[in-house]
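**Q** Just dropping this structure here.
The values are calculated or read from the model by the stated rules, or taken from the named source; none is laboratory data. Here the structure is a predicted model, which means the values were calculated and not measured. Note that each Cβ is placed from the backbone with ideal geometry, even for glycine, and that neighbours are counted across all protein chains shown. Keep in mind that these areas ignore ligands, DNA and RNA; they rest on the heavy atoms of the full protein, side chains included. Shrake-Rupley method; radii C 1.70, N 1.55, O 1.52, S 1.80 Å.
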Amino acid sequence: MKKELAKTYDPKGLEERLYKKWLDGGYFHAEVNPDRKPFTIVMPPPNITGQLHMGHALDNTLQDILIRWKRMQGYEALWQPGTDHAAIATEVKVIQHLKEQGIDKDEIGREEFLKHCWEWRREYGGRIVSQLCKLGSSADWERERFTMDEGCSDAVMEVFLKLYEKGYIYKGSRIVNWCPKCQTTISDAEVEHVDQDGFFWHINYPIVGEEVRFVEIATTRPETMLGDTAVAVNPDDERYKDLVGKMLELPLAGRTIPVIADSYVDKEFGTGCVKITPAHDPNDFEVGRRHGLEEICILNDDATMNGKCGKYTGMDRYEARKAIVKDLEDLGLLVKVVPHTHAVGTHDRCGTTVEPMVKPQWFVRMDELAKPAIQAVKNGDLTFVPERYTKIYLNWLENIHDWCISRQLWWGHRIPAYYCDDCGEMVVAKEAPAVCPKCGRTHMHQDPDTLDTWFSSALWPFSTLGWPKKTPELDYFYPTDVLVTGYDIIFFWVIRMVFSGYEQTGKSPFHHVLIHGLVRDSLGRKMSKSLGNGIDPLEVIDEYGADALRLTLVTGNAPGNDMRFYFEQVEASRNFANKIWNASRFIMMNLPEEDIPEMDAKDLFPADKWILSRINTVTREVTENMDRYELGIAVQKIHDFLWDEFCDWYIEIAKFRLTSDDSVRGNVSWKAAALWTLKTVLAQAMKLLHPYMPFVSEEIYCTLLPGEETIMTSDWPVYKEEWSFPEEERQIAAFMELVRGIRAIRMEMNVPAKTKTDLFVVGKNLEIVNELRSLFDSLGDSSRMLFAKAIHIIGSKDEIGDESVSVVLSDATAYIPLDELVDREKEIARLKDESAKMDREIARSSGMLNNPNFTSKAPAAKVEEERAKLEKYRATKHQILDQLARYGL
RNA sequence: GGACGGUUAGCUCAAUGGGAGAGCACUCGCUUCACGUGUGAGGGGUUGCAGGUUCGAGCCCUGUACCGUCCACCA
């Protein structure tokens, strides 16, 4: 039974209905299936605090395109979804939430707080998932996971214990990045260096036992001097050689500190003397450890000065800075203050200036783990698209520091370390030990810290598939194929997944990493909450449809590049959906109730063969582009084919036959051939379009082919040799050239559309005349497109009156009697213009061909091509002159 | 201080070394029976600058300017 599309394209109702149909049909679900090859993508798990933003929309659109495409290609395509507990992000949100109800985190305690977190997750954790559905994401929701569900938590424990036993995880007092606002450590990846205007304070430290000599140091952080335990100079610095080993008076602190020599000091920078504060500067920390210096912590966790700071105790670090500078000035020890811009580490979440502190924390030793991850890209097991991101990946890995994984948060995976209250013994184990293995007493308590949220995400590609259990899924779907993510989280996530994958499974967790850029606003600014320039994808979907949004996000941008978001672009995308909607509706209106018989391509008429040949080529090219992840180029080709070739030309040409009486050539019906071609090409084009615009393509496809359940499981088209018709492509190209030529002339002459003329087409020779006659014959009544009263295909221009307008084609010239077109002078001017243009072309072309270097060195085909062009120019020129002669010129 | 990306039409961006393109915007037409969310015809560019390689350069090489991004322990 023939079906019809709704009169108007309404994405809203359509998309909701189709998504439900897909879910009900179970098309998103993948199973272990030995008969097919697997194709796997793990979805970067969005935070449970998340609201869908343009970054998610882009990221998930790209993944959905790939997964839908591979599914159609016959792979068992698994898109593994899930959400991330997002330790700090969620904890902050829940604290805020509780605060609004007058509840304080610390008052209710850990257990109670975690209950609220889980409650919060139940309440809001699914929100982003439902938003991803609106986008059309065909993820296997039956397999949805959560980083803190039982399986993922088991994986975390397993990895922690394994790495601990191997000595790769250790607890130690090291310098860490401390966020005084969030009250937790953060990893290097979470520190953002921001240039800030500050000062260089030059301070004199008196030398013990010398009245007049000082050591002048320069610092950007004078308040940390209370924690100084040395001053360092470069061992090769002649200026200070005699100072090494001397003691200095540390002003305001009432202590003395030594001068030491360390090559870390740059002779050229500042004064060449550096105050060393091991407890509050990463470099100083290293220097301090090398020289066995004391680490004096002078700050509380909230960045106020602690009890070791005398009169400054209790002051905020910046308050103390002012006070100390003032006091130094009063003592006459402040030499000068020089403005200085420097990069300050800030917490990427809250923007607070990070305080380096020495704290006992848990770390992952990176040196050994990094090795296979580095090797992976060097031997090609792992590739980045675009390739340039390999360098960024490598650069980070080659300079990696140990990863601080403990966080002073409650929401997350708690570190499985237990301490004996009585003897201090530490036990790392899956379960809490009942008794202390050392002293035998029973007062054990668990480490209060939790793990960095990225510790669990690092395991995502295999933990979601069942690891550490040996599941059939893990065996079949792992390693995954492509990871799609933004360049901004290569450090946080991609790297950690890779080294974790190698360490735990011996394999790279994925073969390719497809990197995309940021979606910016129309002014090129990052979308951000504070700027208020964010565009809500859901609102865009609501107004224009998910298909339009998706098309917008992949059109016209290359992998890895940022893009700007324009509503004009969304509108254009929506218009495209509307265009194909109406074209399809037109085709379906013309289809008969009964089925059209299958046809053999070789029995078709030239125009049919042409469009078949074109979609055949487009199919091949699109597939090649997609193989190279050039999704923007691929969709551009589909778009152009559908709009410019199929709608603007083929449908228009096919109309000649649809609207006239049927006729049979050989054993093929005119109309049936057109209808079969329309239907076949449209169906195939919808398949190509489906990964990009799943909803509209599904609706059209299933309406066009009422027997088909869904386009989702249809076969991805492949190139067919028997659909290649170069000869017909050439013929239709000539026809199009003729139509365009006539339109242009009529426009130039201001001929009203109503005015029809005679049209004479003169072939160069008999063979061409016959070919043209047969072509025009096969097209049906093409006079409408040519604005013709009658079309005469003839062998000689003698039959035409002298005064006429011509359109010159490769093998023929078309003439329109001038008297029907009004303006003689205008036509002469036009011919002269054309003639001059030909002269230029002939000069250019013959210039090239007269260059012996060109003819001898350029490829033969190129030279031949140029010769053919020149020949055509000359013929055209000749005909123009001929025409001018008819006007007596 | 390193590394990377960009510089092409008014705007946003494309273009395996072989006559510079698209979308939007602009100009001038069209109530053509699928679509005005449409359709036809146009205008508009010394491809940042300077060299080089090549028969031939937007594309390759060198240098340079500007914009942007990432990394980095010059206190």
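**Q** So which residues in the stretch A:632-678 are of a type outside the set (D, E, K, R), more than 12 Å from RNA strand B (Cβ to nearest atom) and part of a helix (DSSP H, G or I), if there are any at all?
**A** At the first step, the residues of the stretch A:632-678 found to be of a type outside the set (D, E, K, R) are A:632-636, A:638-639, A:641-643, A:646-647, A:649-651, A:653-654, A:656, A:658-660, A:663-664, A:666-670, A:672-678.
Retained after the next criterion (residues that are more than 12 Å from RNA strand B (Cβ to nearest atom)): A:638, A:641, A:663-664, A:666-670, A:672-677.
Within the stretch A:632-678, A:Ile638, A:Phe641, A:Trp670, A:Ala672, A:Ala673, A:Ala674, A:Leu675, A:Trp676, A:Thr677 meet the criteria.
**Q** Answer yes if at least one residue in the stretch A:685-699 is farther than 17 Å from A:Glu621 by Cα and basic (Lys, Arg), and no otherwise. Please lay out each step first, then the result.
**A** Step one: filter the stretch A:685-699 for residues farther than 17 Å from A:Glu621 by Cα, giving A:693-699.
Next cut, basic (Lys, Arg) only: none.
Checking the stretch A:685-699: not a single residue is farther than 17 Å from A:Glu621 by Cα and basic (Lys, Arg).
**Q** Right, next: Could you look through the stretch A:742-757, keep only residues that are surrounded by fewer than 17 Cβ atoms within 10 Å (Cβ to Cβ) and not aliphatic (A, V, I, L, M), and pick out the one that is nearest to RNA strand B (Cβ to nearest atom)?
**A** So in the stretch A:742-757, the residues surrounded by fewer than 17 Cβ atoms within 10 Å (Cβ to Cβ) come out as A:743-744, A:747-748, A:750, A:752-756.
Now drop any that are not not aliphatic (A, V, I, L, M), which leaves A:743, A:748, A:750, A:752, A:754-756.
Details: A:Arg743: 4, A:Glu748: 6, A:Asn750: 8, A:Pro752: 7, A:Lys754: 8, A:Thr755: 12, A:Lys756: 12 Å.
Within the stretch A:742-757, the match that is nearest to RNA strand B (Cβ to nearest atom) is A:Arg743.
**Q** Out of the residues in the stretch A:153-176 that are open to solvent by less than 30 Å² (accessible area, probe 1.4 Å) and part of a strand (DSSP E or B), which is nearest to A:Asp242 (Cα to Cα)?
**A** A:Val176
**Q** Just wondering, is there one or more residues in the stretch A:210-219 that are in contact with a strand residue (DSSP E or B) (Cβ under 6 Å, 6 or more places away or on another chain), outside any loop (DSSP other than H, G, I, E, B), more than 16 Å from RNA strand B (Cβ to nearest atom) and open to solvent by 30 Å² or more (accessible area, probe 1.4 Å)? Walk me through how you get there before you give the answer.
**A** In the first step, residues of the stretch A:210-219 are kept if they are in contact with a strand residue (DSSP E or B) (Cβ under 6 Å, 6 or more places away or on another chain); the result is A:213-219.
Narrowing further to those that are outside any loop (DSSP other than H, G, I, E, B): A:214-219.
Applying the additional criterion that residues be more than 16 Å from RNA strand B (Cβ to nearest atom) yields none.
Scanning the stretch A:210-219, I find no residue that is in contact with a strand residue (DSSP E or B) (Cβ under 6 Å, 6 or more places away or on another chain), outside any loop (DSSP other than H, G, I, E, B), more than 16 Å from RNA strand B (Cβ to nearest atom) and open to solvent by 30 Å² or more (accessible area, probe 1.4 Å), so the answer is no.
**Q** Moving to a separate point now. So which residues in the stretch A:91-106 are polar (S, T, N, Q) and part of a loop (DSSP other than H, G, I, E, B)?
**A** At the first step, the residues of the stretch A:91-106 found to be polar (S, T, N, Q) are A:96, A:101.
The one that is polar (S, T, N, Q) and part of a loop (DSSP other than H, G, I, E, B): A:Gln101.
**Q** Still on this structure: Which of the residues belonging to the stretch A:231-249 are under 18 Å from A:His202 (Cβ atoms) and in contact with a Pro (Cβ under 9 Å, 6 or more places away or on another chain)?
**A** A:Val231, A:Leu248, A:Glu249
**Q** Answer yes if at least one residue in the stretch A:325-339 is under 30 Å from A:Ser528 (Cβ atoms) and either in contact with a Leu (Cβ under 8 Å, 6 or more places away or on another chain) or at pLDDT 95 or above (or both), and no otherwise. Reasoning before the result, please.
**A** First, pick out the residues of the stretch A:325-339 that are under 30 Å from A:Ser528 (Cβ atoms): A:339.
Then drop every residue that is not either in contact with a Leu (Cβ under 8 Å, 6 or more places away or on another chain) or at pLDDT 95 or above (or both), which leaves none.
Among the residues of the stretch A:325-339, not one is under 30 Å from A:Ser528 (Cβ atoms) and either in contact with a Leu (Cβ under 8 Å, 6 or more places away or on another chain) or at pLDDT 95 or above (or both), which makes the answer no.
**Q** How many of the residues making up the stretch A:840-853 are more than 9 Å from RNA strand B (Cβ to nearest atom) and open to solvent by 70 Å² or more (accessible area, probe 1.4 Å)?
**A** So the count comes out to 1.
**Q** A further question follows. Test A:Asp59 against the stated conditions and say whether it is at negative phi and open to solvent by less than 60 Å² (accessible area, probe 1.4 Å). If you could, list the steps in order and put the result at the bottom.
**A** Values: at negative phi: yes; open to solvent by less than 60 Å² (accessible area, probe 1.4 Å): yes.
Yes, satisfied.
**Q** Please count how many residues of the stretch A:682-710 are assigned to a loop (DSSP other than H, G, I, E, B), surrounded by fewer than 24 Cβ atoms within 10 Å (Cβ to Cβ) and of a type in the set (A, V, I, L, M, F, W, C).
**A** Residues of the stretch A:682-710 that are assigned to a loop (DSSP other than H, G, I, E, B), as a first pass: A:690-693, A:705-710.
Within this subset, residues satisfying the condition of being surrounded by fewer than 24 Cβ atoms within 10 Å (Cβ to Cβ) are A:705-710.
The next check asks that each one be of a type in the set (A, V, I, L, M, F, W, C); those that pass are A:705.
Of the residues in that region, 1 qualify.
Yes/no matrix, rows are residues, columns are (1) open to solvent by less than 20 Å² (accessible area, probe 1.4 Å); (2) more than 21 Å from A:Ser774 (Cα to Cα); (3) in contact (Cβ under 8 Å) with a residue 60 or more places away in the chain:
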site: A:Ser724; (1), (2), (3): no, no, yes
site: A:Ile732; (1), (2), (3): yes, no, yes
site: A:Met736; (1), (2), (3): no, no, yes
site: A:Val739; (1), (2), (3): yes, no, no
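**Q** Enumerate the pairs (first residue in the stretch A:181-202 and closer than 23 Å to A:Ile489 by Cβ; second residue anywhere and among the aromatic types (Phe, Trp, Tyr) and within 10 Å of RNA strand B (Cβ to nearest atom)) with beta-carbon separation below 9 Å, excluding pairs fewer than 6 apart on the same chain, so at least 6 apart or on different chains.
**A** Matching pairs, first to second residue: A:Ser187/A:Phe492; A:Asp188/A:Phe491; A:Ala189/A:Trp396; A:Ala189/A:Phe491; A:Ala189/A:Phe492; A:Glu190/A:Phe492.
**Q** Same structure, new question: Give just the number: which of (1) more than 12 Å from RNA strand B (Cβ to nearest atom); (2) at pLDDT 90 or above does A:Glu594 not satisfy?
**A** Just one mismatch for A:Glu594, condition (2).
**Q** Could I ask something else about it? Output the number of the condition that A:Lys275 fails; it satisfies all remaining conditions of (1) touching a residue at least 12 places away in the same chain (Cβ under 8 Å); (2) away from RNA strand B (no atom under 12 Å from the Cβ).
**A** Just one mismatch for A:Lys275, condition (2).
**Q** Quick check, is A:Ile816 farther than 30 Å from A:Leu604 by Cα, of a type in the set (A, V, I, L, M, F, W, C) and buried (at least 17 other Cβ atoms within 10 Å of the Cβ)?
**A** Working: farther than 30 Å from A:Leu604 by Cα: yes; of a type in the set (A, V, I, L, M, F, W, C): yes; buried (at least 17 other Cβ atoms within 10 Å of the Cβ): yes.
Yes; evaluated as a whole, the condition is true for this residue.
**Q** Same structure again: Quick one: what pairs do we get from the stretch A:330-343, first residue more than 14 Å from A:Thr220 (Cβ to Cβ) and open to solvent by 60 Å² or more (accessible area, probe 1.4 Å), second of a type outside the set (Asp, Glu) and within 15 Å of RNA strand B (Cβ to nearest atom), C-beta under 7 Å, 6+ apart or different chains?
**A** Listed pairs, sorted by first residue: A:Val335/A:His202; A:Val335/A:Ile203; A:Val335/A:Asn204.
**Q** Hey, does the stretch A:11-32 have a residue that's crowded, with 22+ Cβ neighbours inside 10 Å, within 28 Å of A:His85 (Cβ to Cβ) and within 15 Å of the chain's Cα centre (by Cα)?
**A** The answer is no; no qualifying residue exists.
**Q** Do we find a residue being under 44 Å from the mean Cα position of the chain (by Cα), within 9 Å of RNA strand B (Cβ to nearest atom), farther than 17 Å from A:Glu216 by Cα and of a type outside the set (Asp, Glu) anywhere in the stretch A:286-303?
**A** Within the stretch A:286-303, not a single residue is under 44 Å from the mean Cα position of the chain (by Cα), within 9 Å of RNA strand B (Cβ to nearest atom), farther than 17 Å from A:Glu216 by Cα and of a type outside the set (Asp, Glu).
**Q** Can you give me the number of residues within the stretch A:231-273 that are open to solvent by less than 10 Å² (accessible area, probe 1.4 Å) and either out of contact with any strand residue (DSSP E or B) (no Cβ under 9 Å at 6 or more places or on another chain) or on the phi > 0 side of the Ramachandran plot (or both)?
**A** 1
**Q** Please work out which residue is modelled with the lowest pLDDT, limiting yourself to the stretch A:162-196 and to residues that are away from RNA strand B (no atom under 16 Å from the Cβ) and among the basic types (Lys, Arg).
**A** It comes out as A:Lys181.
**Q** Follow-up. Mind listing whichever residues of the stretch A:817-838 are in a helix (DSSP H, G or I), within 14 Å of A:Thr757 (Cα to Cα) and in contact (Cβ under 8 Å) with a residue 40 or more places away in the chain?
**A** Keep residues of the stretch A:817-838 that are in a helix (DSSP H, G or I), which gives A:818-820, A:824-838.
Pick out the ones that are also within 14 Å of A:Thr757 (Cα to Cα) and you get A:818-820.
Listed by number, the list holds a single entry, A:Glu820.
**Q** While we're here: For the stretch A:529-582, give me the residue count where each residue is in a helix (DSSP H, G or I), more than 28 Å from A:Lys679 (Cα to Cα) and open to solvent by 50 Å² or more (accessible area, probe 1.4 Å).
**A** So the count comes out to 6.
**Q** Only one of (1) open to solvent by 20 Å² or more (accessible area, probe 1.4 Å); (2) over 17 Å from A:Val215 (Cβ atoms) fails for A:Ile298. Which number is that?
**A** (1)
**Q** Among A:Arg824, A:Arg784, A:Arg773, which is of a type outside the set (Phe, Trp, Tyr), open to solvent by 20 Å² or more (accessible area, probe 1.4 Å) and over 30 Å from A:Ala654 (Cα atoms)?
**A** Details: A:Arg784 fails: over 30 Å from A:Ala654 (Cα atoms); A:Arg773 fails: over 30 Å from A:Ala654 (Cα atoms).
Answer to the selection: A:Arg824.
**Q** Okay, next question. A:Lys371: of a type in the set (D, E, K, R), farther than 23 Å from A:Thr450 by Cα and under 28 Å from the mean Cα position of the chain (by Cα), yes or no? Lay out the reasoning, then the answer.
**A** Working: of a type in the set (D, E, K, R): yes; farther than 23 Å from A:Thr450 by Cα: yes; under 28 Å from the mean Cα position of the chain (by Cα): yes.
Yes, satisfied.
**Q** Okay, moving on. If A:Ser508 meets every condition in (1) more than 10 Å from RNA strand B (Cβ to nearest atom); (2) out of contact with any Gly (no Cβ under 9 Å at 6 or more places or on another chain); (3) not hydrophobic (A, V, I, L, M, F, W, C) apart from one, which number is that one?
**A** Going through (1) more than 10 Å from RNA strand B (Cβ to nearest atom); (2) out of contact with any Gly (no Cβ under 9 Å at 6 or more places or on another chain); (3) not hydrophobic (A, V, I, L, M, F, W, C) one by one, A:Ser508 breaks only (2).
**Q** Hey, another quick one. Please work out which one of (1) more than 13 Å from RNA strand B (Cβ to nearest atom); (2) under 30 Å from A:Ala303 (Cβ atoms); (3) of a type in the set (Phe, Trp, Tyr) is the condition A:Trp141 fails and give its number.
**A** Here A:Trp141 clears every test but (2).
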